[in-house]
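Please read the structure below before turning to the comments.
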Amino acid sequence: MTAGSRIWVDRPATETSPRTFGHAGDMPSIDSEDARQRFASARVATLGTTNPAGEVDLVPITFAVDDDRLVSAVDHKPKTTVRLQRLDNIRANPRVTVLAHRYDEEWDGLWWVRVRGDARVVSTGQHHRQAVDSLVAKYPQLVDTPPTGSVIVVEIDEWLAWTARRSEQAGG
């Protein structure tokens, strides 16, 4: 496996373009637009929240991204309860992490993108409708049964990405 590199993209609200910090030398690189495209096109990601005991809870999510905003919804798939721990966790501590990645037996195809930000739970209104519309546009499975439950909206303020690939022309 080739050694990978990371790129840090920090977008404070006061800046209009990201600052990028990468590794020098012949390490493979992943630019911010490539990282954003990989993340946005991923079909599933893992949401990390912190529960009241201070432990990290992880759950797979479907999601959509628009610039520095990620949305995910409680959809119609069966749940053990409508009072989901992830929603309670966000209400108590809005700081979240979301990881999208690709595994490949050919390790040159490995990559991951991690975002962090402050989340909120939205149950009605314009942000709820926009989030559901974004999710329906990305996932054809939701066209006939759009999510009606609460929506998680994450204002992304930190991007971190890694790839093992030395050449980005092959995509991935």
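What to note about this one:
- Three semi-axes describe the equivalent ellipsoid of the range 37-154; taken as square roots of 5 times the Cα gyration tensor eigenvalues and ordered largest first, they are 22, 19, 13 Å.
- Burial ordering of Tyr139, Tyr103, fewest other beta-carbon atoms within 10 Å first: Tyr103, Tyr139
We did not get these values from a lab; they are worked out from the coordinates using the rules stated. Predicted model only: the values in this text are computed from it and were never measured. Note that we place each Cβ from the backbone using ideal geometry, even for glycine, and neighbour counts take in every protein chain shown.
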